[in-house]
Amino acid sequence: MRTTINKIQSLSFPILFIIVFIGCNTKNKSKESLKGVPIETSQNVISAVIDSINSEINNGDYGLIDRFMIIQNDEVLADYKYEQDYETIVQKYDTTNHQFNFNNTDWHPYYKKSELHTLQSVTKSITSILLGIALDLNEDYNIRNKAMPLLTGYDTDFLDKRKQNISIEDLLTMRSGLQWNEETDHNDNTNDCFLLESSDNWIEYVLSKPMDTLPGTKFVYNGGGTVLLGKIVKTITGKRIDDWAEEKLFEPLGITDYYWKETPHGEIDTEGGLYLKAEDLAKIGSLLLNNGKWNDNQIVSKSWVTTSTSPQIKDVKPDWRPNMGYGYQWWIPEYSNNGKTRIYAGNGYGGQYLMMAPEYNLIIVFNGWNINDEPEKSSWRVLQDRIIPALKNK
């Protein structure tokens, strides 16, 4: 563990809100920007909406919420922390001390009582950034490369030759063609994510799955594919992805405190195992809104950011949320008719959300842990249903 540097770059965007509102639940209001510079609190155009959301969170309408942040133009409009008695809440559930038992408070939602919060599948989105950096720096590889030759040390001579044709891009867009079931409850013992996390060798588990469609033809949500992407980063860079992340992403952004789960076989859990502080997760959003730049250093290419956060597939989940798009491990909940992204987001189990609205240079971070009960309201909809309408009507 390391001491976090609480600093964020200045973005070259026009400031819409010079004076902003921040708070730490309703009783404790701080005065701090992401730059670490004290700022005055004042009413602004969306403060009433922020107050309303905060009140509803305190009333329990959104279930178990741990953190709620809104950042615009590098200024914190809201920062609320909520205390939850997870030790009492989880008593009626299995609390076996295991890193993939989501009701064990040594591991979830915070890591070992620290401020590091599980990101769950937002980890996938950060894995995409790390792969993008690897491809930016290694011109011998690109998204069209076949995946199987890059998975060294495993038997990839499959009878079903469709598996040999899976590309890196197919894995990024969840169109590998592998038979996979991750739509049921996570504790369902037929859920492939549950079975993956219960296995000793994750990569072998994923590679053992049969094909059910041609690669590149059908979207099926598949965390196993992201596990393969993590291994491919190691093949391209010669470094395990956590080491690559520290060198190429975390250290440049001043992220010095994090935890990343390791699988029994010594790989890194790239489908859901990363823990960050909310402030540091916001830095990832800032990096992307600034087209991959941080303090004038190009961390990941603008082209990767643009492509990753554009709807490579449209209407991927019509039965869940119509017109939902998907990029390279990023969800695109709102885009125009011509495919221009209006909102993109990392989306993690239990209510981990990193949402960006480029038009408004806006970031929202939610940490929560709604895994056993369905809340009345979804924090996933706050940006679309509450914040953006307020900005439009200002």
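The values are calculated or read from the model by the stated rules, or taken from the named source; none is laboratory data. These figures come from a predicted structure and were not determined experimentally. Note that we place each Cβ from the backbone using ideal geometry, even for glycine, and neighbour counts take in every protein chain shown.
Brief remarks follow.
- Filtering the range 277-292 for residues that are β-branched (V, I, T), free of Cβ contacts under 8 Å to residues at least 60 places away in the same chain and touching a strand residue (DSSP E or B) at 6+ places or on another chain (Cβ under 7 Å) leaves an empty set.
- Being of a type outside the set (S, T, Y), in contact with a strand residue (DSSP E or B) (Cβ under 9 Å, 6 or more places away or on another chain) and loosely packed, with under 15 Cβ neighbours inside 10 Å is a property that K112 has.
- Under the condition of being within 21 Å of M324 (Cα to Cα) and either of a type in the set (F, W, Y) or in a helix (DSSP H, G or I) (or both), the residues counted in the range 214-231 number 5.
- Lone qualifier among K239, K234 - being free of Cβ contacts under 8 Å to residues at least 24 places away in the same chain, farther than 25 Å from N101 by Cβ and in a loop (DSSP other than H, G, I, E, B): K239
- Residues of the range 91-109 that turn out to be out of contact with any Pro (no Cβ under 9 Å at 6 or more places or on another chain) and touching a residue at least 40 places away in the same chain (Cβ under 8 Å), as a count: 6
- Residue check, L362 of a type in the set (A, V, I, L, M, F, W, C) and more than 20 Å from T123 (Cα to Cα): yes
- For the range 51-80, residues that are part of a strand (DSSP E or B) and of a type in the set (F, W, Y) total 2.
- Count of residues meeting criterion [buried (at least 21 other Cβ atoms within 10 Å of the Cβ) and either among the aliphatic types (A, V, I, L, M) or part of a loop (DSSP other than H, G, I, E, B) (or both)] in the range 115-129: 7
- Any pair with Cβ under 8 angstrom, 6 or more apart, that starts in the range 203-218 at a residue that is in contact (Cβ under 8 Å) with a residue 60 or more places away in the chain and ends at one that is β-branched (V, I, T) and part of a helix (DSSP H, G or I): I203/V227
- Matching residues, the range 153-168, being at pLDDT 90 or above and either assigned to a helix (DSSP H, G or I) or surrounded by fewer than 20 Cβ atoms within 10 Å (Cβ to Cβ) (or both): D160, K161, R162, K163, Q164, N165, S167, I168
- Within the range 132-141, being crowded, with 16+ Cβ neighbours inside 10 Å and over 19 Å from D280 (Cα atoms) holds for G132, A134, L135, D136, Y141.
- Taken over the range 330-379, the residue count meeting the criterion of being under 14 Å from G63 (Cα atoms), touching a strand residue (DSSP E or B) at 6+ places or on another chain (Cβ under 6 Å) and among the hydrophobic types (A, V, I, L, M, F, W, C) is 1.
- Just so you know, in the range 54-99 the residues that are more than 18 Å from W369 (Cβ to Cβ) and of a type outside the set (S, T, N, Q) include one that is surrounded by the most Cβ atoms within 10 Å (Cβ to Cβ), and it is I71.
- Residue that is nearest to L159 (Cα to Cα) [pool: residues in the range 169-217 that are surrounded by fewer than 19 Cβ atoms within 10 Å (Cβ to Cβ) and of a type in the set (V, I, T)]: T213
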